[in-house]
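Q: Let me give you the structure first, and then I'll get to my questions.
The values are calculated or read from the model by the stated rules, or taken from the named source; none is laboratory data. Model, not experiment: these values are computed from the prediction. Quick reminder, even Gly has a Cβ in these numbers, built from the backbone with ideal geometry, and neighbours come from all protein chains shown. Accessible surface areas use protein heavy atoms only, side chains included; no ligands, DNA or RNA. Shrake-Rupley method; radii C 1.70, N 1.55, O 1.52, S 1.80 Å.
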Amino acid sequence: TRGRLIIVNSGLSDAIVDVQSFTENGKQPVRTISVVSKNYLVIPIDSLAPGDKYLTVHVAPRSGRINAFMIDEQSTGLKSLGGDLINFAPNASKSVLIPAIPNQIKNNSALPHTLRVLTPGEVDANVTAEVLSSDGVFVPVGLTSRAVSAGIVTEFQFTPKISSTVLAVRITSTEPVLAAIKSTVTVSGRKDFVWSTSAPALTPLTIAISGLTPLISFVGERINVSLDVTLNNGNVIRKTIKGTDIASWRAPDAARSFTITKVGPDTFAGALVSSVNGYGYFPIAPGSLLTKIELPDSNIRVLNP
């Protein structure tokens, strides 16, 4: 692996960050890192847990204004096996939904997927993974009530026999878990891989997509999503996506942005983007959120106790 963890300190003071790694051998010692103000630090992934294969990383700042990014690149000798930007998971949950996973079929056989699961708590969990696609909803063989030890990163392989090019996975667990799926793909004759991560419940939002034609996958029991698509010439196209379990929509070539104006309850979405350079995934989620703060309460006694 040539992957790296990038920690950015955009604040005006130095930051202290705890990096906690989990692998197939359990929780690793916490690594405390100092990042200079208005600077960044690049950490090779293979230095976080040398010799271990499965890695999950928790970045927790003690002080400072921190952003963290992870890039996974793999190769065999001088031959590249692909790379991907790994999206973060906001928190562990007993129900995890990964809404957009590419499913390629090569030589009449689907390419494999790898489900990676971590129970960050202290109690073991039983995990069940359910595949949702236009071919139906089912649980793959071997993914029913699988035991996942606490603090241990566990992987499961599955290759669904479906014709759909996009699928989703719903994971239910007896304890809060984190999960992601690594999918093998081929682009322009070259091998690549995609990490699909969980997504929060869909809310009204606007996303700029100039130069992209993403395939959006919506997942929910009753999908009812209204879209306003703004084209490069300023025209607006209104679109309604309806379905059960899973429905997909591809943005037109001339789209500049799309706005989700109405969405039903318990609906999730993710996007798949492909080009000659490879495959990519991102969850449909707000880029920024309003935060409530408590206004300071003071009076003249602050100056005259």
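Q: Probe radius 1.4 Å, ligands and nucleic acids ignored: give me the carbon and sulfur share of the accessible area of the chain as a rounded percent.
A: 52 percent
Q: For Lys53, what is the net charge nearby, where nearby means another residue's Cβ is under 11 Å from its Cβ and Lys, Arg count +1, Asp, Glu -1?
A: Cβ neighbours under 11 Å give a net charge of -3.
Q: Would you list which lysines come within 22 Å of Lys27, measuring only between C-alpha atoms, while excluding same-chain residues fewer than 8 positions from it?
A: Of all the lysines, those that pass the test against Lys27 - Cα under 22 Å, at least 8 places apart if same chain - are Lys53, Lys94, Lys182.
Q: Work out how much length Thr159 to Thr32 would gain on full extension: take 0.36 nm times their residue separation and subtract the Cα-Cα distance, in nm to one decimal.
A: Computed gain between Thr159 and Thr32 is 41.8 nm.
Q: Any chance you could run the full-extension gain for Leu205 through Lys239? It's 0.36 nm times the residue separation minus the Cα-Cα distance, nm to one decimal.
A: Difference between extended and current length: 10.8 nm.
Q: Accessible area per residue of the chain at 1.4 Å probe, in Å²?
A: Heavy-atom accessible area per residue stands at 54 Å².
Q: If you don't mind, another one. Where the centroid of each part is defined by its Cα atoms, how far is region 124-174 from region 251-288 in Å?
A: 23 Å
Q: Right, next: Which of rounded, prolate, oblate describes region 184-285, given a ≥ b ≥ c as roots of the alpha-carbon gyration tensor eigenvalues and a/c under 1.5 marking rounded, otherwise prolate only if a/b is larger than b/c?
A: Oblate shape, in that a/c is at least 1.5 and b/c is the bigger or equal ratio.
Q: A further question follows. Take the Cβ-Cβ distance between Ser257 and Val137 as r, set R0 to 35 Å, and report the resulting FRET efficiency rounded to the nearest 0.05.
A: Once the sixth-power term is evaluated, E becomes 0.65.
Q: Rounded, prolate or oblate for region 74-184? Axes are the square roots of the Cα gyration tensor eigenvalues, ordered a ≥ b ≥ c, and the cut-off for rounded is a/c under 1.5.
A: Verdict is oblate for region 74-184.
Q: What does the charge add up to near Val8, with Lys and Arg as +1, Asp and Glu as -1, over the other residues with Cβ less than 12 Å from its Cβ?
A: Around Val8, the surrounding residues sum to +2.
Q: Then there's this: State the label only: which of [x] 55, 52, 36; [y] 76, 52, 42; [z] 61, 60, 46 corresponds to Cα extents along the principal axes in Å computed from the shown model?
A: Correct label, based on the coordinates given: [y].
Q: Just need the relative contact order of the chain here, percent rounded to a whole number, with Cα pairs under 8 Å and 6+ apart.
A: Reported as a whole number, the value is 16 percent.
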